[in-house]
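See below for the structure under consideration.
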Amino acid sequence: MSQMTRDVLQIVRSIPEGRVTTYGSIARFLHISPRNVAFVLAGSKGKDIPWHRVVSAQGWLNRDRKIGDRKQERRLKKEGIFVENQKVDLDRYGVEAKTLNSGVNGGQIYKKPQ
């Protein structure tokens, strides 16, 4: 597992229940692309990773287009987050990745695995 993957997962684990952050917020903190964040999370939907707490820059949820599942919406609602039309209010529930107590230092230069 690369250092970038470990850092993304550590940040996501530090998002408090009842709060969300965006792919872009994590990406800005780590100086990587939001697509890198999405790629890491797509391959890491284990039980200990609260992937459902990461949403788009506008607060849109990610719908599993393969099966039409609303798993993210159900998990967020269970944590007390109000979801309307597949979107959350970032002003109310959003948190910036740089403010999380994740133990990760932002702005690293990640080297490609060889």
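No value in this document is a laboratory result; all are computed from the given coordinates. Just so you know, these numbers come straight off a predicted model, no measurement behind them. Glycine also receives a Cβ, built like all others from the backbone with ideal geometry; neighbour counts cover every protein chain displayed.
Sort Leu76, Leu90 so the one with the fewest other Cβ atoms within 10 Å of its own Cβ comes first. Don't skip to the end; give the middle numbers.
Details: Leu76 24, Leu90 17.
So the residues, fewest neighbours to most, are Leu90, Leu76.
Quick one: putting +1 on the C-beta of Lys and Arg, -1 on the C-beta of Asp and Glu, what dipole do you get for the chain around its Cα centre, in Debye to the nearest 20? Spell out each step's value before the answer.
Working: 22 positive and 11 negative charges, 77 e Å.
I would put it at about 380 debye.
Excluding residues on the same chain fewer than 8 positions from Lys47, give the lysines whose Cα lies under 21 Å from its Cα.
Of all the lysines, those that pass the test against Lys47 - Cα under 21 Å, at least 8 places apart if same chain - are Lys66, Lys71, Lys77, Lys78.
What trypsin sites (Lys or Arg not before Pro) in the range 1-97 are in a loop by DSSP, with at most 12 other Cβ atoms within 10 Å of the Cβ? Each step should come with its number before you reach the end.
Values: sites: Arg6, Arg13, Arg19, Arg28, Arg35, Lys45, Lys47, Arg53, Arg63, Arg65, Lys66, Arg70, Lys71, Arg74, Arg75, Lys77, Lys78, Lys87, Arg92; in loops: Arg19, Lys45, Lys47, Arg63, Arg65, Lys66, Arg70.
Those satisfying the criteria are Lys45, Lys47, Arg65, Lys66.
I'd like the distance separating the alpha-carbon centroids of the range 49-107 and the range 1-48, in whole Å.
The two parts, judged by their Cα centres, are 11 Å apart.
If I model a spin label as a point 7 Å beyond the Cα along the Cα-Cβ vector, how far apart are those points for His31 and Tyr110 in nm?
1.3 nm
Mind checking the alpha-carbon convex hull of the chain and giving the volume per residue in Å³? Don't jump to the answer; show the numbers that get you there.
Numbers: hull volume 12.0 nm³, N = 114.
Hull volume normalised by residue count: 105 Å³.
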